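Engineer: Dumping the structure here so I can ask a few things about it.
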Amino acid sequence: MITARNLTKSFREKTVLDDVNLDIEPGGIHGLLGRNGVGKSTLLSLIAGQLKPTFGELLVFGRTPFDDGSVMDRVALTGVDVAYPGSWSVRDILTGAQLRYPAWDSAIAEDLARDFALDGAMKTGYGELSRGQRAMVGNIVGLASGAELTLLDEPYVGLDVHNTGVFYRHLLEFSGNGRTFIMATHHIEDAAKLLDSALILGRDGQVAAHISAEEADNYVIAVGSFDAPASAIAYRRTDAGSRALLPFDAASGLNARITPADLGNVIDSFLEES
């Protein structure tokens, strides 16, 4: 669905993404992770066709996405910082989304508004909404768009525990219907439970890792007394002993207690290193 080769994006003198290479297959929920300022939102905007690469190749559905209506009609990019006019009501935004997205489902939008308890704010101007309510609007637009490729930029911002659960439930439902979701987020512990893969951007503007949930199952956490294994993703020595995240096959022979790792552990380790 998405292929990037040597993808670079600069703004004036600052290079945000530098020589990015990636492949994302159709289907599932994919996390886009990294520290602040590494270019997550920029990459989503490039995929959505809203920005033009400075250098390199980016293909979405086999086409160059920038300003290509045939691609942009199949992609939805939503998030709390989408610049909707402040005077537009929530109802105006949903009406505009209905006109924008060919596969829009009004019934789903209404159900989501009720589940988020946003149905009573339909006449409220976007500029008057809280940050959490803006996140809800973005999530409704993204999920109800019916877009084959849906890009969610920080969908959890400002959401309480209940509404985060509402978002999880609906996201899992729609991802099971063949749609593809890419979600940029800082909520790694929660997101890791949902993700089929995690794409991690490093501070050098490149892809530090692209790990699937299945690959993460092959890693373990070793705690004991040992030197840094050559194959460890992360290693730390403290007064209490050593701790490492490494492939299962590399853990044999260590003087250590071995426990299974999960995608969240692997993500955390790559983020620490990148």
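Engineer: Considering only protein heavy atoms, what per residue accessible area in square angstrom results for region 89-142 with a 1.4 angstrom probe?
Structural biologist: 45
Engineer: Next up: Looking only at Gly176, Gly49, Gly27, which one moves most when the chain is put into a Gaussian network model with springs between Cα atoms under 10 Å?
Structural biologist: Looking only at Gly176, Gly49, Gly27, the largest GNM fluctuation is found for Gly176.
Engineer: Could you work out the helix-only [θ] at 222 nm for the chain, with each DSSP H run of four or more residues adding -39,500 (n - 2.57) and the total divided by the number of residues, to the nearest 500 deg cm²/dmol? Before the final figure, lay out the partial values.
Structural biologist: On the way: 9 runs with 81 residues, N = 274.
Roughly -8500 deg cm²/dmol at 222 nm, from the helical runs in the chain.
Engineer: Shifting gears a bit: Quick check: at a probe of 1.4 Å, how many percent of the accessible area of the chain sits on carbon and sulfur atoms?
Structural biologist: Values: 6160 of 12970 Å².
For the chain, the apolar C and S fraction of the accessible surface comes to 47 percent.
Engineer: Quick check: the distance between the Cα centres of region 110-147 and region 183-229, to the nearest angstrom?
Structural biologist: 31
Engineer: Something else about it: Using a cut-off of 12 Å between alpha-carbon atoms, which aspartates and glutamates can reach Lys52, once sequence neighbours fewer than 8 places away in the same chain are excluded?
Structural biologist: Correct list for Lys52: Asp67, Asp68.
Engineer: Note down the relative contact order for the chain as a percent, whole number, built from C-alpha pairs under 8 angstrom at least six residues apart.
Structural biologist: Over the chain, the number comes to 20 percent.
Engineer: Here is a further query. With the other protein chains left in place, how much accessible area per residue, in square angstrom, belongs to region 148-274 at a 1.4 angstrom probe?
Structural biologist: Ligands and nucleic acids excluded, the result is 49 Å² per residue.
Engineer: For a quick check, take a GNM of the chain with Cα springs below 10 Å and name the residue from Asp119, Asp239, Asp262 with the largest mean-square fluctuation.
Structural biologist: Asp239
Engineer: What does the convex hull of the Cα atoms come to per residue for the chain, in Å³?
Structural biologist: 146
Engineer: Return the loop-located trypsin sites (Lys or Arg not before Pro) in region 155-223 (DSSP other than H, G, I, E, B) with at most 16 other Cβ atoms within 10 Å of their own Cβ; answer none if there are none.
Structural biologist: Taking region 155-223 and a limit of 16 other Cβ atoms within 10 Å, the loop trypsin sites (Lys or Arg not before Pro) found are Lys193, Arg203.
Engineer: Determine how many Å³ per residue the convex hull of the Cα atoms of region 115-274 encloses.
Structural biologist: Given the Cα convex hull of region 115-274, per-residue volume reads 150 Å³.
Engineer: So, with +1 on the Cβ of K and R and -1 on the Cβ of D and E, and no other charges, what is the size of the charge dipole of the chain about its Cα centre, to the nearest 20 debye?
Structural biologist: Rounded to the nearest 20 debye, it is 540 debye.
Engineer: Pairs of Cα atoms under 8 Å, at least six residues apart: use those to get the relative contact order of region 211-251, whole percent.
Structural biologist: Value for region 211-251: 43 percent.
The values are calculated or read from the model by the stated rules, or taken from the named source; none is laboratory data. The structure displayed is predicted, hence computed values, not measured ones. Note that each Cβ is placed from the backbone with ideal geometry, even for glycine, and that neighbours are counted across all protein chains shown. With ligands, DNA and RNA removed, areas are computed over all heavy atoms of the protein, side chains included. Shrake-Rupley method; radii C 1.70, N 1.55, O 1.52, S 1.80 Å.
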